[in-house]
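What follows is a short report on a single structure.
Just so you know, all these numbers are worked out from the coordinates, no wet-lab data involved. None of the values given here were measured: they were computed from a predicted structure. All Cβ positions, even for glycine, are placed from backbone atoms using ideal geometry, and neighbour counts span all protein chains on display.
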Amino acid sequence: MEDKAKLQVMADRLRLSVVEISIILNIDNWTDSNVTVGTIADVYRKILDNSEAQNVALKKWEELCSTMQDAKYFFDKTNPQSKSRKIALKKWNELSLQAVEKATTLEEIISAYNQSPQDSNSRIAALTKWNELSLQAVEKISTIEEAKSLYGLSSNTGDAQKVALERWNELSFKEIEKANTLEEIISLYKKAPYKELLGMVNVRDIATKKGIDFCTTVQAIKKLFYSNPYHSSYPENMQIKWILEKWSELLLLEIERTSTIKEVKDVIGNIPKTGPFHEILYPAIGRAHKRWGELCTSYQELRQYITDCSPYSDEEISAIKRLIPLCTEVDQANELWHYREKTQDIAFLKWDELSLLEVEKAMTLDEIFVADLRAPCGGRAKVVAMEKYLKLL
């Protein structure tokens, strides 16, 4: 009795007779009364093909489809070239057409388009209505944000997207003309169209040039540079080339205003060390490094500067020549004599000079011996050391 009661409940839910339900289920232990598209699909696949039970299940399956998602599921679960697939496609198309008719917003019509069967009447109808609603919305655009949003929501098959892009470009141009600060320019650049149609003004070019005009410091141009999404695209992107040229110009001005090594190093710290754009900034980099050398006055400052020079460069050799006279210890001069061949002659003279001072200060045989060992071969210091050594023997 209990099983019959459950069977009756299911029959009532499906508006079928108990006999029909029994045929469809054809499973002794079937007790589930929550019949859905999924459960009917499961039953359908278990029934003998082209049987009366399958026809009843197929009909009920079709009736239970109330959404495009249901119909697509129905379609996907049927075999290609089968009668059931044709019925599923027809149902899917019908439900999609209903969704198209009900759609009143772009979001709704886009959803209907995306969920409709490909190459179907409903998809064609959805695309037509999508273009109609897009054109209606474009006519009401009053802000950059609205234009940008509608450009993204419009189909690329109609005129709406083109009109939205033109309006987006026009509104961006007006706002850029009114901008009074670098921050406003950076914000508007990010909102401006990233593409333009033939004959359209490139507002991002205009924004970049105006932003450059606002930049009077290295920090400002650096901010403009890194705010540009294409800052790693030089030399392909002309906007980046313009910014870098201005950056180089400002760097050169700032370098000439420096009066301490710290100031120069701060400037160098604001220069990118790597990247495809390095070549534009190279003159400024070279000038900054040279200025660092010009400001060095002590042995320690010059020694640190030399370690940052390119090995064997004219800049390094020049710095070594300036460093040698500042040596106050034999070891310093000895090290520089071994450092570069081009400066060995003057390094030797300084080494010998400092060694001679040590020899002259030596008062004992041991002190003379040590001074002699530290002196360069072939120099005056070794001769004096030997003379002094012999006198004390």
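The alpha carbon gyration tensor of the range 252-393 gives principal lengths a ≥ b ≥ c with a/c of 1.5 or higher and a/b greater than b/c, which makes the shape prolate. Counting only C-alpha contacts under 8 Å and six or more residues apart, can you give the relative contact order of the range 245-393 as a whole percent? After rounding, I find 14 percent. Within the shell defined by Cβ-Cβ distances under 13 Å, the residues around Ala207 carry a net charge of 0, with Lys and Arg each +1 and Asp and Glu each -1. Other residues with beta-carbon under 14 Å from the beta-carbon of Lys102 carry, at +1 per Lys or Arg and -1 per Asp or Glu, a net charge of -3. The gain in end-to-end length when the Leu252 to Ser232 segment is fully stretched comes to 5.0 nm, 0.36 nm per residue minus the alpha carbon separation. Taking a virtual spin label 7 Å from the Cα of Glu132 along the C-beta vector, which residues in the range 67-103 bring their backbone nitrogen under 16 Å of it? It comes to 97-103, nothing else. Given the options Trp337, Gly286, Ser313, identify the residue whose Cα lies farthest towards the positive end of the charge dipole of the range 285-350 (+1 on Cβ of Lys, Arg; -1 on Cβ of Asp, Glu). Of the options given, the answer is Gly286. Between Asp345 and Lys391, how high is the FRET efficiency from 1/(1 + (r/R0)^6) when r is the Cβ-Cβ distance and R₀ = 41 Å? Nearest 0.05. After rounding to 0.05, the efficiency reads 0.85. Rounded to the nearest Hz, the phi-derived 3J(HN,Hα) couplings of the range 312-323 under the Karplus curve 6.51 cos²θ - 1.76 cosθ + 1.60 (θ = phi - 60°) are 6, 6, 4, 4, 5, 4, 4, 5, 5, 4, 6, 6, where x marks glycine and proline. Once a ≥ b ≥ c are taken as the square roots of the eigenvalues of the Cα gyration tensor of the range 56-153, is the result rounded (a/c under 1.5), prolate (a/b larger than b/c) or oblate (a/b not larger than b/c)? Cα axes put the range 56-153 in the prolate bin. Net charge near Ala160, counting Lys/Arg +1 and Asp/Glu -1 over other residues with Cβ under 10 Å of its Cβ? Around Ala160, the surrounding residues sum to -2. Here the contact order of the range 139-214, divided by its residue count and restricted to Cα pairs under 8 Å and six or more residues apart, works out to 28 percent. Using the Cβ-Cβ distance between Gln219 and Phe369 with R0 set to 56 Å, the FRET efficiency from 1/(1 + (r/R0)^6) comes to roughly 0.40. Using 0.36 nm per residue and subtracting the Cα-Cα separation, the extra length available between Gln118 and Tyr282 on full extension is 53.4 nm.
Each listed q (0.27 Å⁻¹) maps to a log10 I(q)/I(0) for the range 139-214 from the Debye sum over equal C-alpha point scatterers, namely -1.24. Here the contact order of the range 65-190, divided by its residue count and restricted to Cα pairs under 8 Å and six or more residues apart, works out to 16 percent.
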